[in-house]
1. Got at least one residue in segment 435-449 being modelled with pLDDT of 95 or more and within 30 Å of Asp343 (Cα to Cα)?
2. Tell me which of these Asp84 doesn't satisfy, since it passes every other one: (1) within 29 Å of the chain's Cα centre (by Cα); (2) modelled with pLDDT of 95 or more.
3. Could you grab me the full set of residues in segment 366-384 that are under 17 Å from Pro277 (Cα atoms) and either touching a residue at least 40 places away in the same chain (Cβ under 8 Å) or not hydroxyl-bearing (Ser, Thr, Tyr) (or both)?
4. Taking the stated definitions as given, is Tyr515 in contact with a Phe, Trp or Tyr (Cβ under 9 Å, 6 or more places away or on another chain) and among the aromatic types (Phe, Trp, Tyr)?
5. Which helices (runs of 4 or more DSSP H) sit wholly inside segment 444-536 and have at least 3 residues that are touching a strand residue (DSSP E or B) at 6+ places or on another chain (Cβ under 7 Å)?
6. Go through (1) closer than 20 Å to Asn518 by Cβ; (2) touching an Asp or Glu at 6+ places or on another chain (Cβ under 6 Å); (3) at pLDDT 95 or above for Leu263 and report which single condition fails.
7. Pick from segment 418-466 the residues that are of a type in the set (A, V, I, L, M, F, W, C) and free of Cβ contacts under 8 Å to residues at least 60 places away in the same chain: which of them is surrounded by the most Cβ atoms within 10 Å (Cβ to Cβ)?
8. Please return the ranges of helices (runs of 4 or more DSSP H) entirely within segment 1-75 where 3 or more residues are in contact (Cβ under 8 Å) with a residue 60 or more places away in the chain.
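The values are calculated or read from the model by the stated rules, or taken from the named source; none is laboratory data. On a predicted model such as this, the values are computed, not experimentally measured, just so you know. With ideal geometry, Cβ positions are generated from the backbone for all residues, glycine too; neighbour counts draw on all protein chains shown.
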Amino acid sequence: MRNDLRDSVVTEVRSRTLEACELQANLPGGLPLDVLINDTLYHERKRLETDRNSPTWSSDIAFWDDVKSSLSKAGSADLKRLLDRIIGRFVDEVLGNFNPSVYGAVTKVAPRALSGLLNAMSPLRMMQQGIPEIGDTIKLQGRVDALRRAVEQGTVIFTPTHVSNLDSPVVGWALYSMGLPPFTYGAGLNLFGNPMLSFFMRNLGAYRVDRRKTAPIYKDILKEYASVSIEKGVHNLFFPAGTRVRSGRVETRLKLGLLSSGLRAYINNVRAGKARPNVYVVPCNLNYHLVLEASTLIDDHLKSTGKARYIITDDEFSRPRQVLRFMRDLINLDAKITVTVGDPLDVFGNRIDAEGRSLDPRGRVIDITKYIMHAGEPMQEPQRDRVYVSQCGESIAKAFMRDNVVLSTNLVAFAAFRLWREKNPKMELYRLLRTEGDGAGLEMGRLADRVRRVALEIDGRVKKGEMRMDQICASLDPMTIISDALRHFGSYHSHAVLSRRGDRVFSEDMNLLLYYANRLRNYGLVSGRGPLLDNV
């Protein structure tokens, strides 16, 4: 966001957060300010015990030691000033920045630079052919015009699926190529570790999210920061999965904390009588034939299912040569990164029409201001609003499933993994992942038959509008689909996910096979039934 807006957002966030803390402290059973400060101190000291590599560790220790010392002798007025200091420090840590000069330079250079990165071209090829358009690598489709209209009719929260750390530059290019204004977004603190990347992120409006901070007041500040920016008309980008999905599945369990900021902003906009109060949520699906960090992600998922590290700082994205190798292989395969823009929704999860009006399930225009009224006034009601946010989250999850594009790598991996499970029904899953069952591979004829059956079932779902397929899968030719998948699987990863030897197919990395197969989980495909894939 522009720096003049940023300053007003910071002031508003600080005052609102402090006011909310004072208000709840005065409620019956509310948390007194000294207890709130002490609780925040506890969370931060616990974090600092294990976060000794943080570049701000020394200053953090000094700050919280001072808070502890001041707390022991603070009166009521001192407590308010101390809490304001804590809030101010957190807000300064989160603070985003927008530099128009940097943005202007980046929008001129980045599309070509990103194109060069995504194509990882050799110098000889660049001299012969020039740097290709980035649109040759990223395919933009879906409700693009509807998104443009939503930006004109209100403030937009763009909510993509989260597959890879490459998602941010890919989404950034997509928004820029649609002619849309800059979006602000929260980026994990670990992504600011690279000085060059950090410079651009800081100056293009990203605000910092430190997922190691567990103090409730810090999370409240993040939500308030997002809410106020939306009220100021700043379009936001949220990844509702919270982090990259480790298992490879389409995300259906979403983190709704920041999404609730959109509802709060809408209520405040209506209360303020703004001319354009509406806040729209636009889902977006990102699909890759291959995922740069797939090996690290699935290993992390399998090591501790349900207890992932949440923040991975040592994956493939942190190794520049591996990123370039991935991109080179991607372009050599003529693979597309698909960006599918979904139907815009209101903050309650309802679809909207071309005029930005909310529609009920039967397509009738509805007045959503009635949803937020209490005694004739627009009001925040936490219990009611949680239900509304949950409904919106369900609508986003359905959009993610509906706009997921089935690629050959997903379809073939799903069919192959099912066959391996059927061949070894009594084998414990993790042993199968280690040994590939009996090691005899799969007969090509059986795999082709299963791929055909899965493709036909998915085609039926596509015709019902329940999912999407790319052109290769839409051909319904099993050998064409398998050939395309094998080309991809034999390129980037250190060990071929699937490879053909004679009339049989083998896997050199069953973990990765599971990762790519998981993209078709949650659809309940009949052609994939049999022994379950287990809870992975």
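1. Checked against the condition, which is being modelled with pLDDT of 95 or more and within 30 Å of Asp343 (Cα to Cα), segment 435-449 yields no hits at all.
2. For Asp84, the failing item is (1).
3. Answer for segment 366-384, where residues must be under 17 Å from Pro277 (Cα atoms) and either touching a residue at least 40 places away in the same chain (Cβ under 8 Å) or not hydroxyl-bearing (Ser, Thr, Tyr) (or both): Ile366, Asp367, Ile368, Thr369, Lys370, Ile372, Met373, Glu377, Pro378, Met379, Gln380.
4. Values: in contact with a Phe, Trp or Tyr (Cβ under 9 Å, 6 or more places away or on another chain): no; among the aromatic types (Phe, Trp, Tyr): yes.
Spelling it out, it is not the case that Tyr515 is in contact with a Phe, Trp or Tyr (Cβ under 9 Å, 6 or more places away or on another chain) and among the aromatic types (Phe, Trp, Tyr).
5. Qualifying helices (runs of 4 or more DSSP H): 444-463.
6. Tallying (1) closer than 20 Å to Asn518 by Cβ; (2) touching an Asp or Glu at 6+ places or on another chain (Cβ under 6 Å); (3) at pLDDT 95 or above, Leu263 fails exactly one: (1).
7. Here is the first cut: in segment 418-466, the residues of a type in the set (A, V, I, L, M, F, W, C) are 419-420, 427, 429, 432-433, 440, 442, 444, 447-448, 451, 454-456, 458, 462.
From what is left, the residues that are free of Cβ contacts under 8 Å to residues at least 60 places away in the same chain are 419, 427, 447-448, 451, 455, 462.
Numbers: Leu419: 20, Met427: 16, Leu447: 22, Ala448: 19, Val451: 27, Ala455: 25, Val462: 16.
Looking at the filtered set, the residue picked out is Val451.
8. Numbers: elements: 3-25, 33-50, 57-71.
Output list reads 3-25, 33-50.
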